Amino acid sequence: MTAGILSGGPGGVSDAVLRELGGTHGGRAEFALLTAGQQRLRLLQLRALFDAVALRPGPGAAAFRRHWALLEAADRADRDAARGVLFYPLVGPWVRRCLRRLDSVAQGGQDRSPELHRELSHFGLLAAAAAARARVPFTLRTIGHDGLVVLPTLGVLRFAEPPGGAGPEPVELRGSGGRVAVIVRDGAPAVLRPHRDGSWRSGDPRWCPLRVLTGGPRPVLLDEIDPFRTEDSGLERHGLRADDRLTAAGSDQWQDAWAGAMSVIHLGGETRAAEVAALLECFVPLAPPPGAGPHGSGVSHCSGTRREAFGAVLSSTPRTPGYLAATLVHELQHAKLGALADLVLLHTSGAQRRYWAPWRPDPRPFDGLLQGAYSHLALAEYWQLFALGAKDPAERDKAWAEHSRCREQVGAAMPALAGSQSLTHEGRVFVNAMVRQLTRLKDHPPPEGHLARASAYVETARRMWRRQTSGGEPPVYVPS
């Protein structure tokens, strides 16, 4: 990899930045710092991948070098366009997966597996997408799998598999004049063209473009096709999975929710709106959680983030703009804290699950407790500001109830965080800022009754914990 692609770095993290982020806030400078850190990490991972594949003997090394040369040509021609693909959130899970597999192969002294060859071939499609967006002429040969040619940030070509089952299929891509032709098995090319809304479209029915959600602070991709979007995410442990292909009605529901979400987010403060504008790049649709629906007994909505996919929010189809707004507030805190933890060590606690988290029934590691308290602290402020600005009495009452619940939950978790001996200096500054933010929330108390009900809710969770842990005592929070 050339020095040009690797140039730049995020720099250090000052106490002032830690205090700003610890209070669940942040502005342009803080968001730029987190983003730069994630971009630097991505470039270092790609460099490690290049060294492990292109600079060592083995099948695919020459092709990887050719594809890398195309990527660098795209970077020279239009850096913003090329790096929009390189830094696309879902490239992160792919490169991490490849590095883990290569490390396993190196430690075991094994040859590269067919699965690894298949995953490494995704790099050619990544380079082609970057070249297409940078309008660099190219001809590239690679392979498609399972009847799919997936071009990151653009879409997917679905082709008929040959008789006898799936297998790698030769694919040729030709870019010229801002258009891309995709050819499978010497068939008729599918010609892709950029549309004014940012999507890439084709008259060929085999082509399915990524949906671009409009109406917000910037266009956001709705990615239901990336093959690595939920790989190694652990979703299956919770009975969750990616949504394979949205219906037209489902896509429209996403668009409507996104178009209306920002006005709702603004009610919860300008910080929350700024986070969305600065950090969000794509949504990954999830299937509804088990038991969801009008007759189900489970939760109706699920969402999450992936630390290696900074800028992506995974979510089932939001029922309303309000659902989506609250999801974004919650999940972007996880993204911020994960990105900060990649820049600076906040604590030295291990992965032992022994902490009580009032928002979950299972014991949590210290890092999980910190993540949950941080996101709920932001939600507590969001719902407080929402309640203070709401005109509808019913909406205002619901917002106060949500605020009270989140505030009491964070308060119950805070002693374990603030009293921990595993916090580093940076972690101490960060958690102290969380404590101050929790205290500031008391300046605008909810109407009478809300805090009492929220406290009873937390105490119920505490009693359930005691039963499940054979009398284990979570820390008691005494409001000041």
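The values are calculated or read from the model by the stated rules, or taken from the named source; none is laboratory data. Just so it is clear, the structure is predicted and the values come from calculations on it, not from any experiment. Here the Cβ is made from the backbone with ideal geometry for all residues, glycine too, and neighbour counts use every protein chain on show. Accessible surface areas use protein heavy atoms only, side chains included; no ligands, DNA or RNA. Shrake-Rupley method; radii C 1.70, N 1.55, O 1.52, S 1.80 Å.
Structure above, values below:
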quantity	calculated
DSSP beta bridge pairing in the chain, given as percent antiparallel to the nearest 5	85 percent
The chain: equivalent-ellipsoid semi-axes (sqrt of 5 x gyration tensor eigenvalues, Cα, Å)	42, 25, 22
For region 354-428, with +1 on Lys and Arg beta carbons and -1 on Asp and Glu, the positive-most of A401, A378, T424 along the dipole	T424
Calculated FRET efficiency for the pair R319/T348, C-beta based, R₀ 41 Å, to 0.05	0.50
With 10 Å bins from 0: P(r) over region 48-170, alpha-carbon pairs, percent	13, 42, 35, 10, 0
Per residue, in Å², the accessible surface of the chain once ligands and nucleic acids are set aside, probe 1.4 Å	44 Å²
q = 0.10, 0.13, 0.25 Å⁻¹, region 102-204: log10 I(q)/I(0) [Debye, one scatterer per Cα]	-0.32, -0.51, -1.37
Kirkwood estimate for region 232-369, i.e. one over the average of 1/r between Cα atoms, Å	16.4 Å
Förster radius 41 Å - calculated FRET efficiency between S14 and A160 (Cβ-Cβ, nearest 0.05)	0.10
For region 334-381, the Rg and Dmax computed from alpha carbons only, in angstrom	11.1, 31
Accessible carbon and sulfur surface of the chain relative to its total accessible area, %, 1.4 Å	52 percent
Region 96-145 - convex hull of the alpha-carbon atoms, volume per residue in Å³	88 Å³
